[in-house]
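J.: Sharing a structure with you now.
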Amino acid sequence: MNLARLLDPRRYARARRIFRRPLGAHTTLAFATRASRTRTGPLALDFRRGGRLVFPRREEVWAALSHLLEDDVDPESVETDGRFLRLTWRGRPFEFEAAGMDLAVFWEIFRRDAYRLSELPGHLGAVVDVGGNVGLFTSAVAGRAERVLFVEPVPANRERAAALFARQGIADRVEIVPLAAGARTGDTVELHLSAVSVCHSTSRAYARGRYGGDGTVRVRTVAMADLLERLPGGRCDLMKIDAEGAEYDFLLAASPDALRRVRRLAVEVHVAPPDLPLERFGELRARLESAGFTVEHEPPGPPAFMLFAGRAD
């Protein structure tokens with residue numbers, strides 16, 4: 001796979017458009033994978049449109065950045081200020097934290113279609129984005145939704161999401177909810193902060209296990225029923241949940257009435273023993289099936305896998 005990337009003339013052509021030293025960038029990113037251990041020092045990349053990015057020895061970052069050269073991304077423009085990577089893709093502006101996993105999340109949502117948005121109707125009513133992070137899922141779905149509830153407890157993530165919604169002209173249909181998913185509304189929980197924004201979690205094992213990190217932040221919670229009350233008719237066509245382990249309490253505590261008011265669920269289920277043992281997934285699946293959902297899922301296992309649930313009514 002890595003050799004095929006190296007010999008792909010289309011990837012090299014994109015490297016020439018993006019980087020000031022395209023051969024070095026192309027070669028480095030061709031061999032950048034999460035399992036890579038080939039480099040021992042920092043990685044520096046200079047961009048044609050200005051700016052330089054310097055990465056520590058973090059293989060996941062290099063692998064994420066390699067998506068810039070893929071056929072299914074191919075941005076119209078890329079530049080950086082040394083911290084953020086700014087690109088235009090299909091006429092839409094995006095901003096990614098260069099030393100994080102934002103670009104990988106973009107690729108998962110927009111190109112790999114991890115949430116199966118391509119299988120949904122062209123028009124949706126209300127959508128709830130639980131664990132919205134920096135707004136990429138909301139950006140992907142807002143064009144077909146009448147309204148989106150964007151639920152994100154971390155202030156820095158919300159600020160970046162709000163800026164994205166404004167740049168893309170979708171802020172008028174998005175309501176930002178500054179709360180965390182929980183079993184009850186009004187509780188206070190402690191989030192462990194990861195080194196990357198996509199992994200902040202109430203589970204210390206999950207937040208720190210893959211990327212490290214330090215510090216905590218205390219946030220308030222909201223239950224499913226109270227989120228739905230913010231919507232016309234109290235119903236949603238799609239609820240996406242990527243809450244870094246909070247999905248268990250949020251879904252298991254939801255009332256039968258609240259679950260009946262959700263037509264489709266797309267859930268990233270997290271596994272990180274001892275806080276988030278795999279055994280909890282069986283309880284979660286049984287709960288959704290008893291509420292009338294048809295459930296399908298990827299093979300269960302750490303660190304996470306996707307679950308999809310829907311109802312005909």
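J.: Can you tell me which residue is surrounded by the most Cβ atoms within 10 Å (Cβ to Cβ) among those in the range 215-229 that are farther than 14 Å from Thr188 by Cβ and not aliphatic (A, V, I, L, M)?
T.: Among residues in the range 215-229 that are farther than 14 Å from Thr188 by Cβ and not aliphatic (A, V, I, L, M), the one surrounded by the most Cβ atoms within 10 Å (Cβ to Cβ) is Asp226.
J.: For the range 277-287, indicate whether the set of residues that are in the same structural domain as Ala223 (by TED's automatic domain parsing), free of Cβ contacts under 8 Å to residues at least 12 places away in the same chain and under 22 Å from the mean Cα position of the chain (by Cα) is non-empty.
T.: Yes, some residue in the range 277-287 is in the same structural domain as Ala223 (by TED's automatic domain parsing), free of Cβ contacts under 8 Å to residues at least 12 places away in the same chain and under 22 Å from the mean Cα position of the chain (by Cα).
J.: Another question, if that's okay. Inspect all residues belonging to the range 244-253 and state whether any of them is surrounded by fewer than 17 Cβ atoms within 10 Å (Cβ to Cβ) and either modelled with pLDDT under 95 or in a loop (DSSP other than H, G, I, E, B) (or both).
T.: Looking for residues that are surrounded by fewer than 17 Cβ atoms within 10 Å (Cβ to Cβ) and either modelled with pLDDT under 95 or in a loop (DSSP other than H, G, I, E, B) (or both), one finds at least one in the range 244-253, hence yes.
J.: Still on this structure, please answer the following. Given the criteria modelled with pLDDT of 95 or more, more than 17 Å from the chain's Cα centre (by Cα) and under 23 Å from Arg264 (Cα atoms), does Ala166 qualify?
T.: So Ala166 fails the test.
J.: If we keep just the residues of the range 1-34 that are in a helix (DSSP H, G or I), touching a strand residue (DSSP E or B) at 6+ places or on another chain (Cβ under 9 Å) and of a type outside the set (S, T, N, Q), which is farthest from Pro303 (Cα to Cα)?
T.: Per the stated criteria, the residue is Arg17.
J.: Same structure, new question: From the residues in the range 61-90 that are crowded, with 19+ Cβ neighbours inside 10 Å and small (Gly, Ala, Ser), which one is modelled with the highest pLDDT?
T.: Checking each candidate, the answer is Ser66.
Rundown of residues vs (1) closer than 21 Å to Val154 by Cβ; (2) touching a Leu at 6+ places or on another chain (Cβ under 8 Å); (3) surrounded by fewer than 19 Cβ atoms within 10 Å (Cβ to Cβ); (4) modelled with pLDDT under 95, yes/no style:
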position: Gly234; (1), (2), (3), (4): no, yes, yes, no
position: Ser255; (1), (2), (3), (4): no, no, yes, no
position: Ala272; (1), (2), (3), (4): yes, no, no, yes
position: Leu276; (1), (2), (3), (4): yes, no, no, yes
position: Ala286; (1), (2), (3), (4): no, no, yes, no
position: Thr294; (1), (2), (3), (4): no, no, yes, no
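J.: Please count how many residues of the range 288-308 are assigned to a strand (DSSP E or B) and under 19 Å from the mean Cα position of the chain (by Cα).
T.: Looking only at that region, the number is 6.
The values are calculated or read from the model by the stated rules, or taken from the named source; none is laboratory data. Computed from a predicted model, the values in this text were never measured in an experiment. Cβ: placed from backbone, ideal geometry, glycine included. Neighbour counts: every protein chain shown.
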